[in-house]
Every structure is written in C-alpha cells, then in structure tokens.
There are 2 protein chains.
Amino acid sequence: MKLLEEKILSEGKVLSDTVLKVDTFLNHQIDPQLMQAIGKEFAERFSDAKVTKIVTIESSGIAPATMTGLELQVPVIFARKRKSLTLSSNLYTATVYSFTKQESNDISISKDMIGKDDVVLLIDDFLANGQALKGLYDLVKQAGAQVAGAGIVIEKGFQSGGNDIREAGIRVESLAIIDSLSNGQIRFRGEKASK
Amino acid sequence: MKLLEEKILSEGKVLSDTVLKVDTFLNHQIDPQLMQAIGKEFAERFSDAKVTKIVTIESSGIAPATMTGLELQVPVIFARKRKSLTLSSNLYTATVYSFTKQESNDISISKDMIGKDDVVLLIDDFLANGQALKGLYDLVKQAGAQVAGAGIVIEKGFQSGGNDIREAGIRVESLAIIDSLSNGQIRFRGEKASK
C-alpha cells in the first residue's frame, strides 16, 4: 500500500536491525486519515470473505480494526491483555509470549462476543514472530468460528511469523512488508536492495 | 445524544447501583457506526475550539477518539498505562488512582507528540470519579498546551468527577449523562424518575 509505505519512509525510525518505531501514526499517535485508508484497503481485500466480525488486540490494533469494521459494517472486538488468568468462566483465553518483553501474557475475549456462525477477520498493527496473531486465531477457534484471514498493517518479513501462519493455511494480507532494516535502511518486499 | 442513549438502554447491563456494563458496543466489542456518529457529534460540539490534537487513554478511548480525529482532521494520541514509572526522560507522566481496581497507575505520553502551541481535546469513554481525565489534563498541561475541553461518551452523573472538572473551569461535553442506576434502572439526566 503505497500511502502507508511512504508514511513509514517519512516518519518511521529504525532503532536497530529489528526494531522500527512508528509511534507518530500507528502506535502512540494515530493518523486517523491513514487509518481510514487502511480500513478501506482491508475491506476491499477481504470483500469476498463474508466477514461477520473483526477481532484485534489492544491497544494499537484498535484504530485500524475499527476503521475496517466501519467499511465492512461489522462489529469489532478487541482482546484484552491480562497479567494472569482471570477466574471467569465466560472468557476464551490464550497465552501469548512476547519476545520483546520476554514474558507471557494472557489475552481474552468474552464468550458472548463470538459464536460458531461467525466469520472472523483478524486485524493487528504488526506481525513479527506471530505470537499475538496465533493467540487471536486460537481465541476464535475456541469459539468454533471460522477465520477469514488476517489483515496486518506492517509485517516484518525478516521474522518468521508471516511464513509460519501462511504455511498453516491462513490468509495473511499485509499492507507493508519490510524485508530488512539493516544499516538503518527500510527495505520493502519487492524492492531491489539499494547500493 | 439520542442514538447513544437508545443503545445504552437496549444493550447496557446494570450490574449494581454504580456499575454499567457496555461491553457490546464500547468497552470490548465496538460498534464502528456508533463510534462514527459519536466522532461527528464531538467534532460538531468542539467545532469552534480550533483543536489541533486529540488525547485519549488506552484502550476504550481509542475508537471514539480516532473517529473524532477523522472528523476534525487532527492526530490522536493515546496515553499509555504503565505499572510503574518508566525511566525515560522523554515522557510526560501522571499518576491515576483507580477506585475500581484500588491501585495507582502511571499514564504517559511522549514529549514529542504535544507542544505548547497545541489546543487539545481530551476524549474518554467514561467519566466517573474523574481520575483518568484529571491525569490526561495534567499531561497536556505539562506540555504547556491549551485544553479545549473534554468529550465523554458516558458520564456517571451520580459520581463527582464531572462536577469537579466543570468547577475547575474545564468544558465537559458528555454525550450521555446517567443520573442513577438504582434498582437496575438506567435514568438519564433530564428524564423524570419513573414511578
């Protein structure tokens, strides 16, 4: 998605070979116009999928997911992160390991929100190791619902999550795939390496 | 806001004299169409305020804030909750006490996101004791920016936050003000008590 790639190039900060900071438009400050364009793009890519619900995870997934839900005219559910298992019988819960923070967190959604007749589109801001996305997938499968696929704003193509999840047969649509952050340079998939 | 009050009446669950659950459209599942209508309403009410930025707090404030930002065509910043003070010199930080959880959390925003020329609209899903809103106000004042006011989706008019903040001279626009949840009944401000 050209608009997104341009935004990443103009405002993204490469902090290391694996870390890209995009907190001026996605992770802390949000650009609502860009989120609307992202929502329209996801809605178009999944227009044939008969999506009935969108599931994302707090907090940075909420803005792109809500804009996608607006376009597809379906509700959006955000999974909550919890430090420890809540003693509630009314939650679907999955454990997500964060490589960045080196800790496990539970994520959960209320059983009231998804049923077996639902077709769910997963939305998240980043796909790197794929742990969060696998957790969301797990929650939806616990509900017996179908997963239409995953819409990702930025995929780190040099980490294994995207491949793992595609190989598991899940459709992944990433609006920008970054193949390298080496030497402070952002290189998108499909680009030739600059000299 | 009539559409919102109808939604609260049809889907809100009164759990006690002080607790209203609205997780089918605001706090867990999000109704994007309703959020768009809410965004338009806030934008209209603050259309004269020359707002340059919106500040909210993760997670339930993000959807209504993003829709308001879309209408006003300004960026949205969500303050992050942190368990303890992050050792970063580049954050404005305020401490927010939660009466519900009986614990204090720090909330913070990056100093890069707001400057003294900004006019900030605060947005949040609920206003009860006003602790979160006071924290957001504090963050914006640390930046030396002006506060245009606060847009609140649901105000619990029977708790003191709204009055406290209005008495401090801050403009508060609440789209639904609930004056009572007694006896399992939701009573909005301006309504007569039912027999």
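Throughout, read-outs are computed from the coordinates displayed, never taken from laboratory work. All values reported here derive from a predicted model rather than from experimental measurement. Here the Cβ is made from the backbone with ideal geometry for all residues, glycine too, and neighbour counts use every protein chain on show.
Give the cross-link partners of residue A:101 among the lysines, using a straight C-alpha distance below 25 Å as the criterion and excluding same-chain residues fewer than 8 apart.
A:13, A:21, A:81, A:83, A:134, A:156, B:81, B:83, B:101, B:111
Once both labels are modelled 7 Å past Cα along the beta-carbon direction, what's the residue B:166-residue B:58 spacing in nm?
So the two model labels end up 3.3 nm from each other.
Once amide H atoms are built 1.01 Å from N in the peptide plane, which residues 5 or more positions from residue B:111, or in another chain, come under 5 Å H to H?
For residue B:111, whose amide H was placed from the backbone, the distant partners under 5 Å are B:91, B:92.
How shielded is B:23-30 by partner chains, expressed as the average number of their Cβ atoms within 10 Å of its Cβ atoms? Show your work: numbers first, answer last.
Values: counts 4, 5, 2, 0, 2, 11, 13, 11.
Average neighbour count from other chains, rounded to a whole number: 6.
Select from the stretch A:92-145 those chymotrypsin sites (Phe, Trp or Tyr not before Pro) which occupy a DSSP coil region and have at most 16 other Cβ atoms within 10 Å, ordered by residue number. Before the final figure, lay out the partial values.
Values: sites: A:92, A:97, A:99, A:126, A:137; in loops: A:99.
Here the chymotrypsin sites (Phe, Trp or Tyr not before Pro) that fit, given the DSSP loop and packing criteria, are A:99.
Evaluate peptide B:163-176: per residue, the Cβ atoms of other protein chains within 10 Å of its Cβ; return the mean as an integer.
Values: counts 0, 0, 0, 0, 0, 0, 0, 0, 0, 0, 0, 0, 0, 0.
Averaged over the peptide's residues, the number is 0.
Relative to a virtual label point 7 Å from the Cα of residue A:90 in the Cα→beta-carbon direction, which members of the stretch A:142-179 show backbone nitrogen distances below 20 Å?
A:142-145
With unit charges on the beta carbons (Lys and Arg positive, Asp and Glu negative) and the dipole taken about the Cα centre of the protein assembly as shown, which residue among B:92, A:158, B:190 sits farthest to the positive side?
The residue sitting farthest along the positive end of the dipole is B:92.
Specify the angular offset, from 0 to 90 degrees and rounded to the nearest 10, of the alpha carbon long axis of helix B:32-45 from the longest principal axis of the alpha carbons in chain B.
70 degrees
Given chain A reduced to its alpha-carbon atoms as identical point scatterers, what log10 I(q)/I(0) does the Debye formula return at q = 0.15, 0.16, 0.18 Å⁻¹?
-0.89, -1.01, -1.27
Multiplying the sequence separation of residue B:3 and residue B:102 by 0.36 nm and subtracting their Cα-Cα distance, what value in nm do you get? Don't jump to the answer; show the numbers that get you there.
Values: separation 99, 0.36 × 99 = 35.64 nm, distance 3.31 nm.
Full-extension gain reported as 32.3 nm.
Output, in nm with one decimal and in ascending order, the distances from the residue B:101 label point to the matching label points of the other copies (7 Å from Cα along Cα-to-Cβ).
Between copies, matching label points for residue B:101 lie 1.1 nm apart.
Quick one: label points 7 angstrom along Cα→Cβ at residue A:169, distances to the other copies in nm, smallest first?
With the label placed 7 Å along Cα→Cβ, residue A:169 yields 6.5 nm.
Mind checking A:66-76 for the average number of partner chain beta-carbons within 10 Å of each residue's beta-carbon?
On the way: counts 10, 7, 1, 7, 9, 1, 1, 2, 3, 8, 8.
If you average over the peptide's residues, the count of other-chain Cβ atoms is 5.
Would you mind listing the distances between the residue A:10 label point and the same position in each other copy? Use 7 Å along Cα-to-C-beta, nm, one decimal, shortest first.
4.1
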